[in-house]
Amino acid sequence: MANTLLTTLGTSPYSETVYVFGERKADRTRYVAKALCQLFDIERVIVLLTQEAHDTHWKHLQDCLPPHVEKIAKAIPEGKTEAETWEIFDVLVDSIEPHTRLVFDITHAFRSIPVLVLLGAALLRKAKNVNIQGLYYGLYLKDQQETPIIDLTPALRLLDWLTATDKFISTGSALELGQLLDTVQRDFYRQPGLDKRDPRPTRLQSFGRAIRNVSRSLELVRPVSLLEEDLPNLQRHSTADLEQEVGQFAKPFGLLLQSIQDSYGQLALPPDKASDPRAEIQKHFQLLRWYVEKRLTAQALLLAREWVISALCLCEGIQNYREREQRQEIEQQLGSLIPRGEQPQMSLAIAAHVSDTKQLADLWSRLSEYRNDTAHVQMNPNRLDGEALENFVLRDLLPKLEALFPDLTQPESSEELEGGISKAP
């Protein structure tokens, strides 16, 4: 698809200048739009302008643009009120078709238009799958023969960082942050004319992959992979080395490095507990707490049911708590605790490990029902209310488990909470 330039015009009497981008120069002109058409092979120009700007410049701009370029004027108000500001935003967004290859220019923009262009560009990329080729500003300097064109495209990536940061803070997912780190490193090596003496990123891509793997295991409720593979791999990355590279090549991520270290590091096993079933189950509960704090109801329900079985396996002296037959035996005992009609609760071995057998039976009954309703996506005639499931997870789940299994729902010491990325280089 042809490159489209979206630009603006005001009412000022623009002076002639030679616009320069890198080593390329355009012909002398009053209008940056003409220069951009030369420099970026533009085939269509959309101009946002008020009625006064239209009367002052539109005909002159049309005359100076190449004949093959399609020229489109879009009327906008002056932006003096909030309603007019949103009207400008609507015109900007509605002017662009899906999948357009778009170049933005804000050289002659006024009032709030530069901000609207930046936000509009971010929205168009997501909502209409627009391919943003660049965001530019002609830095006119009086009494200078040449005017440099400044590339503001990195500002769009700052919005990507903002979106990814919000997702991490609200959900704990670093998938988008990891992808951005990967993109930063790949884009660096794609630059033409790299000098071998220049500093270059070598760790961002691998660290981005590491946090994506952690996020994936968290999202898919894979605590075994998380503890045995993903978190140990994350911890092998040196914070000192990362801070240096982030400061040079991915500054926005610097604000999050410590947060990721704290959020994910608390879930990791200390090296001396790597094969300790008790420590593993305690960390699984810490992961469950993490899900509840992030309001990830489905993940919490899935993990909580399995955690009860794991905890009772350990109480029974079963070290290999992931062994299928052992888990099935515990699960059958849990099911037998629940009265069936007039049949009373049975006295079973697992009852000796909790202070209140009835509480365990009630919790297992609700947990199984809610977990099944979630895992089977309501494919049953008696579907449950989503708000009830959420309230159970957010209000009742952790306190009930802590009351039944006080020794397994707390870390052995404060050292268990420590983790994160290695401080050593």
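Numbers at a glance
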| item | result |
| --- | --- |
| Single residue of the range 230-269 satisfying the filter (among the charged types (D, E, K, R) and assigned to a helix (DSSP H, G or I)) that is farthest from Gly208 (Cα to Cα) | Asp262 |
| Residue ranges of helices (runs of 4 or more DSSP H) in the range 273-377 with at least 3 members acidic (Asp, Glu), free of Cβ contacts under 8 Å to residues at least 60 places away in the same chain and over 19 Å from Glu402 (Cα atoms) | 324-337 |
| Evaluation of Gly120 against (1) at pLDDT below 90; (2) under 23 Å from Arg24 (Cβ atoms) (one fails), failing number | (2) |
| Helices (runs of 4 or more DSSP H) contained in the range 1-114 and holding at least 3 residues surrounded by fewer than 15 Cβ atoms within 10 Å (Cβ to Cβ) | 59-64, 82-94 |
| Neighbours by Cβ (under 6 Å, 6+ apart or cross-chain): first from the range 73-86, closer than 16 Å to Gly120 by Cα; second open to solvent by 70 Å² or more (accessible area, probe 1.4 Å) | Gly79/Arg111 |
| Boolean, Lys251 is open to solvent by 10 Å² or more (accessible area, probe 1.4 Å) and without any contact (Cβ under 8 Å) to a residue 12 or more places away in the chain | yes |
| In the range 156-214, the residues that are at pLDDT below 85, outside any helix (DSSP H, G or I) and not aliphatic (A, V, I, L, M) | Arg190, Gln191, Pro192, Gly193, Asp195, Lys196, Arg197, Asp198 |
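The values are calculated or read from the model by the stated rules, or taken from the named source; none is laboratory data. Remember, predicted model here, so these are calculated numbers, not experimental data. Ideal geometry is used to build each Cβ from the backbone, glycine not excepted, and the neighbour counts take in all protein chains shown. Protein only, heavy atoms only, side chains kept; ligands, DNA and RNA dropped before computing areas. Shrake-Rupley method; radii C 1.70, N 1.55, O 1.52, S 1.80 Å.
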